[in-house]
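Here's the structure we're looking at; comments come further down.
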Amino acid sequence: MSGPVLAGRVAVVTGGAKGIGAAIARRLAADGAMVEVWDLEPAAGFASERVDVSDEASVERASAATLARRGRIDILVNNAGILGPAQPVEATSLELWRRIHAVNLDGTFLCCRAVIPAMRRQGGGRIVNIASIAGKEGTPNAAAYSSSKAGVIALTKALGKELVDAGILVNCIAPAAIATDLLAQAGPDQVATFVARCPMKRLGTVEEAAALVAWLVSPECTFSTGAVFDLSGGRATY
């Protein structure tokens with residue numbers, strides 16, 4: 001395929017100011033996409049909207065602004081998310097539980113809902129949701145995060161079937177531990193535990209995550225929807 005594979009496409013990346021989201025934004029831009037970042041923080045080098053993905057009005061404003069500026073939205077990558085503190089269920093407040101679900105699951109739902117009408121009018125689009133291996137395995141002392149990401153996986157499966165006749169492909173990736181500044185805050189012992197669980201005995205990289213997303217939104221991905229793509233170095237078993 002000659003030329004940038006995403007030339008002329010408009011891509012929205014939520015949580016694209018840093019970490020995995022920033023790597024995804026850079027990769028999609030390198031592939032020719034016009035990238036818009038929706039984040040609470042500004043994203044250097046990209047058009048951006050200040051968005052709280054858990055707030056319905058904020059998401060709707062961002063969608064309207066992006067469509068006014070670009071005229072279309074071809075790609076949505078739902079990357080924005082929060083982890084929350086490591087603690088058992090009995091120590092988890094309802095407020096924290098709801099906040100994690102509001103960002104990770106409600107935010108994914110709200111952003112999908114906001115862009116689907118434009119994608120329908122255009123005759124197609126691509127949505128990639130960033131889930132987690134925690135949504136498949138369940139991580140102890142991270143029940144809120146794990147259940148929110150399990151919800152993202154189920155939403156992906158349902159939405160993929162729902163939108164297939166509209167030409168909109170919906171997939172998600174389920175990474176294990178990825179080397180980011182946020183992960184570094186977990187401390188060396190926690191990182192060592194993550195590495196020990198991985199058959200490849202290393203962390204994933206943000207570039208590897210971005211490369212998988214780039215394929216899922218590319219014209220080469222034509223027969224996958226409602227699917228979960230593992231990015232775990234062999235850790236995932238189903």
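The values are calculated or read from the model by the stated rules, or taken from the named source; none is laboratory data. Every value quoted in this text rests on a predicted model; they were computed, and no experiment measured them. No Cβ is skipped: glycine too gets one built from the backbone with ideal geometry, and neighbour counts run over all protein chains shown. Areas reflect the complete protein model, heavy atoms only, side chains present, ligands, DNA and RNA absent. Shrake-Rupley method; radii C 1.70, N 1.55, O 1.52, S 1.80 Å.
Here are a few things to note about the model shown:
- Looking across the range 44-71, just one residue is at positive phi and either among the basic types (K, R) or modelled with pLDDT of 95 or more (or both), and that is G71.
- Among the residues making up the range 180-238, those that are in a loop (DSSP other than H, G, I, E, B) and open to solvent by 70 Å² or more (accessible area, probe 1.4 Å) are Q185, P199, M200, K201, R202, E220, T222, F223, T237, Y238.
- The condition (being under 24 Å from W97 (Cα atoms), among the hydrophobic types (A, V, I, L, M, F, W, C) and modelled with pLDDT of 95 or more) is satisfied by just one residue among I168, I173: I173.
- In a residue-by-residue description of the range 49-61, the property of being in contact (Cβ under 8 Å) with a residue 60 or more places away in the chain, open to solvent by 30 Å² or more (accessible area, probe 1.4 Å) and either within 25 Å of P175 (Cβ to Cβ) or among the acidic types (D, E) (or both) applies to no position.
- Selection within the range 131-167 - more than 16 Å from the chain's Cα centre (by Cα) and among the hydrophobic types (A, V, I, L, M, F, W, C): A142, A143, A144, A158, L163, V164, A166
- Matching residues, the range 30-47, being in contact with a Ser or Thr (Cβ under 9 Å, 6 or more places away or on another chain) and within 8 Å of A17 (Cβ to Cβ): V37, D39, E41, P42
- Evaluation of I24 against (1) more than 13 Å from the chain's Cα centre (by Cα); (2) buried (at least 19 other Cβ atoms within 10 Å of the Cβ); (3) part of a helix (DSSP H, G or I) (one fails), failing number: (1)
- Taken together, the residues in the range 62-88 that are open to solvent by 50 Å² or more (accessible area, probe 1.4 Å), part of a helix (DSSP H, G or I) and not hydrophobic (A, V, I, L, M, F, W, C) amount to 2.
- Residue ID - farthest from S232 (Cα to Cα), chosen from residues in the range 134-160 that are open to solvent by less than 10 Å² (accessible area, probe 1.4 Å) and out of contact with any Gly (no Cβ under 7 Å at 6 or more places or on another chain): S148
- When restricted to residues that are open to solvent by less than 50 Å² (accessible area, probe 1.4 Å) and either at positive phi or not in a helix (DSSP H, G or I) (or both), the range 89-108 contains 1.
- Members of the range 109-124 found to be closer than 16 Å to G160 by Cβ, open to solvent by 10 Å² or more (accessible area, probe 1.4 Å) and within 18 Å of the chain's Cα centre (by Cα), listed by number: F109, R113, I116
- Condition broken by W38, with the remaining ones in (1) buried (at least 24 other Cβ atoms within 10 Å of the Cβ); (2) not in a strand (DSSP E or B) satisfied: (2)
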